[in-house]
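The values are calculated or read from the model by the stated rules, or taken from the named source; none is laboratory data. Worth saying up front: this structure is predicted, and the values here are computed from it rather than measured. We place every Cβ from the backbone using ideal geometry, glycine too, and count neighbours over all the protein chains shown. Calculation scope for accessible area: heavy atoms of the full protein, side chains included, ligands and nucleic acids excluded. Shrake-Rupley method; radii C 1.70, N 1.55, O 1.52, S 1.80 Å.
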Amino acid sequence: MQSNHLKGLVETALPAIAAADAASLEELRVSLLGKNGNVTLLLKSLGGMDAEARKTAGAEINHAKMQITDALSARRAVLDSQALEQKLAAERIDVTQPPRPDSAGALHPLSRTQEELAAIFAAMGFAIAEGPDIESDWNNFSALNIPSHHPARAMMDTFYLTGDQVLRTHTSPVQIRTMLEWAKTEGLGESPAPIRIIVPGRTFRADHDATHSPMFHQCEGLVIGQGITLGHLKGCLIDFLRAYFGLPELPVRLRSSYFPFTEPSMEVDIGWNRKTGELGGGTDWLEIGGSGMVHPNVLANCGIDPRRFQGFAFGMGLERITMLKHGIADLRLFYESDVRWLRHYGASPLTPASLHEGL
Ligand code: DAH
């Protein structure tokens, strides 16, 4: 009687458990194994039996309890993994989705200009060199043939730091760093590979108005080797300027000037129309940088024999050429982080500067 009851209990319980959902599974557990559950009550009834009956009944009930417990946990495992599957499916993120257009960022026009310089000069065999914002007085001035009493120091409103350190007023000190390094290794060889670098980077002067910012950017250029002439300088600058502005006929003029670190020195001008602002047209000239043949004293200061090696250098303002190319009127807007301005003048980060189809 007792064992029939137990058998019936197990026979109904097992299929019910196997078909249960999460809620009814818990109900089944309580009704079978809970404090007043059917199996629990049967176990309690063992107390009223004589020893012999208790032995057989106890074994049967415990066996039934085990079958039910196993079935419950098997079903729970199935339900848990189904729930996980559903959750994963529901919360799946498609990482291949294209970005929404209104969330696309833009490259700052100065970053774009630096990428363009890198692309153009890389095609001419130049590498990129860098130096620190904080420079020694010697790298920034003395080694560049600007001794401390020299009036050229007054031309630059220098931020002086403690000791003999300054915020670099131009990218020219990276010429010194590069030549010193080269003189120690490559420059000692029989047929050394030439220096060909550009140095885009931050520069600082105590100056602030619509066309000057205390922090601005320059790009330096330096070529040192054997048999380097002013003709190389001229060809290099003309090719660069025409490629950068996208004007194959852009007039370029080298105008005699003075810089302590070059001899001879030349200002670099491009042709434009002052009235319309149009580049390449008209009869006016616009200065965009300085250049010259590296002064023998500068070579000697870096341990390079000026009778064996010579070269040229140039430097230009990056804000200047960027403003000209994109028709940007006010320099200060470069640093205001106005996202509307950035959207208008910024470049797509997904189309990198390359010379394949022009810049
Ligand atoms: N360093 C100069 C300046 O900031 C620019 C310059 C002129 C750089 C002539 C050069 C150069 O390399 O040859 O005003």
Cα centre as origin, Lys/Arg/Asp/Glu Cβ charges: the range 135-279 dipole, Debye: 240
Förster radius 56 Å - calculated FRET efficiency between Ile93 and Ser31, Cβ distance, rounded to 0.05: 0.85
Candidates Ala106, Ala77, Ala123, ranked by Gaussian network fluctuation over the chain, Cα under 10 Å, top entry: Ala77
Dipole magnitude (debye, nearest 20) for the range 2-90, charges at Cβ of Lys, Arg, Asp, Glu: 200
Normalised contact order of the chain, rounded percent, pairs of Cα under 8 Å and 6 or more residues apart: 16
The range 248-263 versus the range 121-143: alpha-carbon centroid distance in Å: 20
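Can you quote the Å³ per residue value for the convex hull of the Cα atoms in the chain, rounded to an integer? Walk me through the numbers on the way to the answer.
Numbers: hull volume 107.1 nm³, N = 359.
Per residue, the Cα convex hull of the chain comes to 298 Å³.
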Which of Arg205, Arg153 is most accessible, then next, and so on - probe 1.4 Å: Arg205, Arg153
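Taking square-rooted eigenvalues a ≥ b ≥ c of the alpha carbon gyration tensor, is the range 104-223 rounded, prolate or oblate, where a/c under 1.5 means rounded and, failing that, a/b exceeding b/c means prolate? Walk me through the numbers before you get to the answer.
Values: a/c = 2.39, a/b = 1.07, b/c = 2.23.
In terms of gyration-tensor shape, oblate.
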In sequence order, calculated HN-Hα J values of the range 83-91 (Karplus, 6.51, -1.76, 1.60; Hz; x Gly/Pro): 4, 5, 4, 4, 4, 4, 5, 6, 9
FRET E, pair Ser81, Leu350, Förster distance 35 Å, beta-carbon r, rounded to 0.05: 0.25
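Considering only protein heavy atoms and a probe of 1.4 Å, how much of the accessible area of the range 215-359 is carbon and sulfur, as a whole percent?
On the way: 3770 of 7150 Å².
Carbon-and-sulfur percentage of accessible area, whole number: 53.
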Leading residue at positive end of dipole, the chain (Cβ point charges), from Leu333, Thr162, Gly37: Gly37
Accessible area per residue, Å², the range 109-358 with all protein chains present, probe 1.4 Å: 48
Percent RCO, i.e. relative contact order, over the range 263-342, from Cα pairs under 8 Å lying at least 6 residues apart: 22
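Rank these residues by their accessible area, most exposed first, probe 1.4 Å: Asp80, Asp269, Asp209.
Greatest to least solvent exposure: Asp80, Asp209, Asp269.
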Gain upon complete extension [Gln226, His208; 0.36 nm per residue less C-alpha separation]: 2.3 nm
15 Å Cα-Cα reach of Lys7 towards aspartates and glutamates, excluding residues that sit fewer than 8 places from it in its own chain: Glu60
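Please give the calculated 222 nm ellipticity per residue for the chain, where each DSSP H segment of at least 4 residues contributes -39500 (n - 2.57) and the sum is spread over every residue; nearest 500 deg cm²/dmol?
-13000 deg cm²/dmol
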Whole-Å distance, taken between Cα centres, linking the range 284-345 and the range 19-77: 87
Residues Leu180 and Arg253, FRET efficiency given R0 of 35 Å [Cβ-Cβ distance, rounded to 0.05]: 0.60
Low-density loop cleavage sites - trypsin sites (Lys or Arg not before Pro) in the range 276-347, where at most 13 other Cβ are within 10 Å (DSSP): Arg307, Arg308
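How large is the convex hull of the Cα atoms of the range 2-90 per residue, expressed in Å³ as a whole number?
Values: hull volume 6.6 nm³, N = 89.
For the range 2-90, the hull spanned by Cα atoms encloses 74 Å³ per residue.
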Solvent exposure ordering (accessible area, 1.4 Å, most first) of Leu88, Leu333, Leu117, Leu279: Leu88, Leu333, Leu279, Leu117
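For the chain, with only Lys/Arg (+1) and Asp/Glu (-1) charged at the beta-carbon, what is the dipole magnitude about the Cα centre, in debye rounded to 20? Before the final figure, lay out the partial values.
Working: 33 positive and 41 negative charges, 125 e Å.
Value, rounded to 20: 600 debye.
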GNM top mover of Ala127, Ala300, Ala89 - the chain, alpha-carbon springs below 10 Å: Ala89
Rel. contact order, % - alpha carbon contacts under 8 angstrom, at least six apart, the range 2-90: 38
Net charge contributed by nearby residues that have their C-beta within less than 12 Å of Ser172 (K/R +1, D/E -1): 0
